[in-house]
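Laboratory data are not the source of any read-out in this text; all were calculated from the coordinates shown. This structure is a prediction, so every number in the text was calculated from the model and none was measured. So basically every Cβ, Gly included, is an ideal-geometry build from the backbone, and we count neighbours across all protein chains shown.
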Amino acid sequence: MAAQNGKDLLIKLDMTGSGTFETIAGLRATRISFNAESVDVTSLESSGGWRELLGGAGVKSATISGSGVFKDAATDERARQIFFDGEVLDFQVIIPDFGTVQGAFMLTSIDYAGSYNGEATYELSMASAGALSFVAA
């Protein structure tokens, strides 16, 4: 696989709850992380004292984060509203030449920052709130 543009990794949110996804405008950096807890089943009878893990067990989760500048009133306002209402909505993450991850996420934090001689910026974080789907590119 060839190198990809970082700007092509997109975070999209469902603007109306009807499956109409729009890219969150102004993001400069985006990230998605997948995690799986392990379940340790090591016992005194484990071969050579090596740790044993139980396959297919444990909690799976994903987190999405992004940071950027304000560029679009509609997506900025929607993200704020989702946070303050505590909504769990569908988000999409487009991973270039890999595929699309979609599922329910909760907006867990929004940080705003700015300096007197620079642009206003924001950072947001989301945590998965259910099963995710993946469609290959």
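What do you get for Rg/Rh over region 75-121 if you use C-alpha atoms and the Kirkwood form of Rh?
Values: Rg = 14.1 Å, Rh = 12.8 Å.
Dividing the radius of gyration by the Kirkwood radius yields 1.10.
In debye, nearest 20, what is the charge dipole magnitude of the chain about its Cα centre with +1 on Lys and Arg Cβ and -1 on Asp and Glu Cβ, if you could check?
Working: 9 positive and 17 negative charges, 48 e Å.
Charge dipole of the chain: 240 debye, to the nearest 20.
Which loop trypsin sites (Lys or Arg not before Pro) in region 14-104, with loop taken from DSSP, have no more than 16 other Cβ atoms within 10 angstrom of their Cβ? Present the calculation step by step, with values, prior to reporting the outcome.
Working: sites: R28, R31, R51, K60, K71, R78, R80; in loops: R51, K71.
Filter output for region 14-104: R51, K71.
Could you derive backbone 3J(HN,Hα) for region 19-25 from the dihedral phi with the Karplus parameters 6.51, -1.76 and 1.60 (θ = phi - 60°), listing whole Hz in sequence and x where the residue is Gly or Pro?
Whole-Hz 3J(HN,Hα) from phi for region 19-25: x, 8, 8, 10, 5, 5, 6.
Can you find, among L27, L53, T42, the residue sitting farthest towards the positive end of the charge dipole of the chain, where Lys and Arg contribute +1 and Asp and Glu -1 at Cβ?
Toward the positive end, the furthest listed residue is L27.
Starting from the 7 Å offset along Cα-to-Cβ, what nm value, one decimal, do you get for the label separation of S43 and A131?
A separation of 3.1 nm, rounded to one decimal place.
What ranking of F21, F34 emerges when the number of other C-beta atoms within 10 Å of each C-beta is taken as an exposure proxy, fewest first?
Values: F21 19, F34 11.
Arranged by neighbour count, lowest to highest, F21, F34 become F34, F21.
If neighbour count is taken as other Cβ atoms inside 10 Å, put E45, E77, E123 in order from fewest to most.
Values: E45 6, E77 10, E123 15.
Going from least to most buried by this count: E45, E77, E123.
How big is the charge dipole of region 70-120 about its Cα centre, in debye rounded to the nearest 20, if each Lys and Arg gets +1 on its Cβ and each Asp and Glu gets -1 on its Cβ?
The dipole magnitude comes to about 40 debye.
Show that you can apply the helix-only estimate: for the chain, add -39,500 (n - 2.57) for every DSSP H stretch of four or more residues, divide by all residues, and state [θ] at 222 nm to the nearest 500. Could you put the intermediate results ahead of the total?
On the way: 1 runs with 13 residues, N = 137.
Here the helix-only value at 222 nm equals -3000 deg cm²/dmol.
Which lysines does K71 reach when only Cα atoms under 20 Å apart count, and residues fewer than 8 places away in its own chain are ignored?
K7, K12
Given N residues in region 37-137, what is Rg(Cα) / (2.2 N^0.38 Å)?
Working: Rg = 19.5 Å, N = 101, 2.2 N^0.38 = 12.7 Å.
Against the empirical 2.2 N^0.38 Å value, I get 1.54 for region 37-137.
Short version: ³J(HN,Hα) in whole Hz for each residue of region 81-98, in order, from phi by Karplus 6.51 cos²θ - 1.76 cosθ + 1.60 (θ = phi - 60°), x for Gly and Pro, what are they?
Values, residue by residue: 5, 4, 5, 5, 7, x, 6, 10, 10, 6, 10, 10, 10, 9, 9, x, 6, 10 Hz.
Please state, to two decimals, what the Cα-based radius of gyration of region 1-93 comes to when divided by 2.2 N^0.38 Å (N = residues).
Numbers: Rg = 19.6 Å, N = 93, 2.2 N^0.38 = 12.3 Å.
Ratio of Cα Rg to 2.2 N^0.38 Å: 1.59.
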